[in-house]
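The structure appears below as structure tokens.
Every number in this text was worked out from the coordinates using simple rules, so none of it is lab data. Model, not experiment: these values are computed from the prediction. When we count neighbours, we look across all protein chains shown, and the Cβ atoms used for this are built from the backbone with ideal geometry, even at glycine.
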Amino acid sequence: MMTNPYEPEQNHEQDPQPGAAPVVTVGSAAEPVAHSFGSRVRTYFLTGLVVGGPVLITIYLTWSFVTWVDGLVQPFIPVAYRPETYLPVKIPGLGLIIAFVGLTTLGFLTANLVGRTLFEFGEKILERMPIVRPVYRGLKQVFETLFSKSGSTFRTVGLVEFPAPGMWSLVFLSTPPGADIMAHMPSQEDYVSVFMPCTPNPTTGFFFYVPHREVIALDISVEEAAKLIMTAGMIQPGGSGAEPQRALATLAATARAAKANRTPAAATK
């Protein structure tokens with residue numbers, strides 16, 4: 001069939017059929033999406049909240065602590081020696097400085113022979129008081145455990161298979177149980193005291209004794225584990241970017257390896 005060379009060539013592939021929907025041609029370059037005024041305000045507000053929130057909360061907590069210490073120390077300072085007596089404004093932090101100097105001086109005197117003798121004499125007096133004695137013993141043991149340089153309290157993070165097989169929880173390792181508690185343990189293998197904090201408040205949780213072989217030690221700090229618990233896993237250890245994913249993958253691999261090692265041992269029993 002011959003065609004007329006003077007007629008324009010028709011493209012039959014692009015001709016819409018009767019009853020078909022029209023074809024809409026989209027350009028290669030996407031049109032920019034216009035953000036509304038409310039969306040921009042929301043973005044700016046969230047950015048300011050992320051930047052300023054931690055700073056304001058840190059300042060508030062620091063100011064509250066300084067004010068609390070000033071309120072405790074100020075009654076022991078004579079009015080004639082207070083700076084606000086001679087200055088038109090009150091200077092915060094004076095009580096904190098005095099408390100720091102006083103505690104440092106007390107530690108220096110206790111390290112000497114005379115100061116140690118006086119301290120032991122005062123401690124003997126407290127030991128003879130019926131009501132004060134248990135309170136003093138308990139507080140002394142807590143402070144010695146928390147602030148001892150050689151202690152191992154809450155310096156190691158581990159994994160314990162809890163609350164069900166295949167589920168792992170973060171725990172903080174403490175000191176081994178004493179001789180009185182070990183005497184009532186079902187077996188004489190090595191046990192360790194662990195504290196499993198709850199989310200989002202890590203000051204509450206469960207304290208129990210577990211065999212040392214059942215705990216998987218982790219190479220993360222206590223601060224990183226606390227942030228992981230308080231944020232319910234939103235802040236992973238290792239920083240930002242791909243590091244949290246690698247850290248989480250390492251924890252999962254450690255748990256799987258421990259599970260694989262225990263399965264043959266359980267099958268032989």
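For the stretch 160-205, give me the residue count where each residue is in contact with a strand residue (DSSP E or B) (Cβ under 9 Å, 6 or more places away or on another chain) and over 14 Å from residue 222 (Cβ atoms). Residues meeting the conditions: 21.
Checking 166, 107, 71, 102 one by one, the residue that is touching a residue at least 24 places away in the same chain (Cβ under 8 Å), of a type in the set (Gly, Ala, Ser), loosely packed, with under 13 Cβ neighbours inside 10 Å and farther than 29 Å from residue 196 by Cα is 71 and no other. When the stretch 130-139 is filtered for residues that are in contact with a helix residue (DSSP H, G or I) (Cβ under 9 Å, 6 or more places away or on another chain) and more than 21 Å from residue 106 (Cβ to Cβ), only 133 remains. With respect to (1) under 29 Å from residue 234 (Cα atoms); (2) among the aromatic types (Phe, Trp, Tyr); (3) in contact with a Pro (Cβ under 9 Å, 6 or more places away or on another chain), the lone exception for residue 208 is condition (3).
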